[in-house]
Every structure is written in structure tokens, then in C-alpha cells.
1. Set Lys and Arg Cβ to +1 and Asp and Glu Cβ to -1, take the dipole of the range 3-258 about its Cα centre, and tell me which of SER170, SER247, GLY123 lies farthest positive.
2. With a cut-off of at most 14 other beta carbons within 10 Å, and DSSP calling the residue loop, which trypsin sites (Lys or Arg not before Pro) in the range 133-174 qualify? Please list them.
3. Taking Cα centroids, how far is the range 78-105 from the range 190-204 in Å?
4. Which value, in debye to the nearest 20, gives the size of the charge dipole of the chain about its Cα centre, when Lys and Arg are +1 and Asp and Glu are -1 at the Cβ?
5. Please give the calculated 222 nm ellipticity per residue for the chain, where each DSSP H segment of at least 4 residues contributes -39500 (n - 2.57) and the sum is spread over every residue; nearest 500 deg cm²/dmol?
6. Rounded to the nearest 20 Debye, what is the dipole magnitude of the range 109-247 about its Cα centre when Lys and Arg each give +1 and Asp and Glu each give -1 at the C-beta?
7. To the nearest 0.05, how large is the calculated FRET efficiency for ARG128 and ARG16 if R₀ is 35 Å and r is the Cβ-Cβ distance?
8. With +1 assigned to the C-beta of every Lys and Arg and -1 to the C-beta of every Asp and Glu, and no other charges, what is the dipole magnitude of the range 30-172 about the Cα centre in debye, to the nearest 20?
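Just so it is clear, none of the values below were taken in a lab; they were calculated from the coordinates. Bear in mind that the values here come from a model prediction, so they are computed numbers and not experimental data. Don't worry about glycine lacking a Cβ; one is built from the backbone with ideal geometry, like all the others, and counts go over all protein chains shown.
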Amino acid sequence: MCGHCTERAALAERVRLLRTQPTPSSDPLLSTIHLQEMRNWRQPAWLAAAQDDPTAALVVMCRSWTDAVHGEQDELPHDLLPDRLRAQLEAWRARVDLMPIPAAPDPRALQDARAELDAYLGGWLHLRGHTGPRWDEATLHERLPHVSVALDTLVRHAPHDERLTLLAVSSPGAASPFSAIDLWLQRRALQALAAYHGITFVTGLLPHLRSGAVLALVLRGDLDEAALLALHTALRDRPDNGNEGASDLRTAVALLLAAPADATA
């Protein structure tokens, strides 16, 4: 099973649960995807369910760092972490030095962020015009914290940068690892574009976007009724290709539009 399959299964579970609003089950096979996507990701149940996946520590580290960037909770209390996950996290932190994002745009920090994303776009996604050594799965995991920081840096200080659009429209192939950490970067890029440019930017890109990335955007609950209606119209005007992810996307938009005004995704 590749990352596309685990992502689709995790997001499909959340679509099914939109009707009743419970918390998704802590299925160990899908837990790392939920850890990437859930707003209240610091719940002990999620952390415990994900601890058997060695990439969960990477997700925890990156999400903790992103929270700090946005002025939310900073360090994750150790007493919330299962022993195995705590050990993995400490091992990663011992060899990864994540630099803080400056409060104001800094030319050097932006240059470093762009170079890191260029290396990812060329090395893992193999985009034309982005040269550099090819990445294997081990390299992807080693570089993920730095790519995540680079993404956060551009989102905060250069949200117009074309690299965010390239990330959003460029999908990894079947080599996507089980934990879908590369698809997670893509989903985050699309969410940043929607927040900065608005939903019309997203609907204009629909022919180039992966259904799973758009579905994750919808499930975050950030889109207001006007944005959901715009997306609903754009999807209605496109032929349904029978893809399961596309079907889940249409279902999620319809359910959220039909939900009471005070309901949350």
C-alpha cells in the first residue's frame, strides 16, 4: 500500500463521519495521516495510535514547530508522549536543528527556504527545471523537517511564491511512502494558497489538483459557505470521472453545505 491509498482511506473515514460528528477511530494503519490532518492532534489517543509508525515522530516534530510559528502551543509536553514515540522524537531532534523563522522577512532565510524546496521539487517530485540529486525514500524522511520549515517560511513571509503552487499541483507517484508525508506537504501547500489567494484561485487550478488535496482542504473546516458554494459549482461543472477521491470530495462539500450553520467539520 502506498501513501495515496492510506491518505484516501483516512480522508474517506472522515467523510463518512461527517454525518455523525464523532472523532475518527484511532486505526494504527491510518493514525499518522490523522495526526497530520486533525486540528486537535495533541490528543494522547492519536499519539498512542501512531507510535508504531517511525514517521509519526517526524509529524509531531513538524507540527509542534508549525504551531510555534503561528503563536500557538509550543513544545509538546513529554507526559503526553508514549515512551516509544518520545524516544523516536528525541532521536530526531538530536540530529536535526530547526532554525526559528524570523519575525520579519529575512533575505537569507527566504533564500534557504527556496533552495530547500527547489531540492525537494527536483529530487523527489522530479520537476523539470529543478535540478539536483534524486531523492530516495530515506532522503525524503531525512529532509522532511527542513522541507517542512521551508514551507512554513514561505507561507509566512512569501505566500505568493510560485513554489507553493508547484507543490500544490505536483503529485508524487506510487513511490509515495505509506505515511504519505509527501502528500502532506502538498495538502499544506494547497491550504496556504486557499488562505492567501481565496477559493477562486483553487477552483481555477482544479484541473491540475489531486482530489485528495482538495478534500483535505474542505475537511479542515476553514471554508465558509460562499467558498463551499463556489467549489460546489466548480465541481458540478466538471465531469465526474468515477474516481473514489473525487466522489468523496463531492460528498463532503454537499454534506457541509447541508449542515447547520454552527456545525464544524
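1. SER247
2. Sites meeting the loop and neighbour criteria: ARG134.
3. Result: 30 Å between the Cα centres.
4. Using only the charged Cβ atoms, the result is roughly 460 debye.
5. For the chain, the value works out to -19000 deg cm²/dmol.
6. 160
7. The value I calculate is 0.35.
8. Dipole about the Cα centre, nearest 20: 240 debye.
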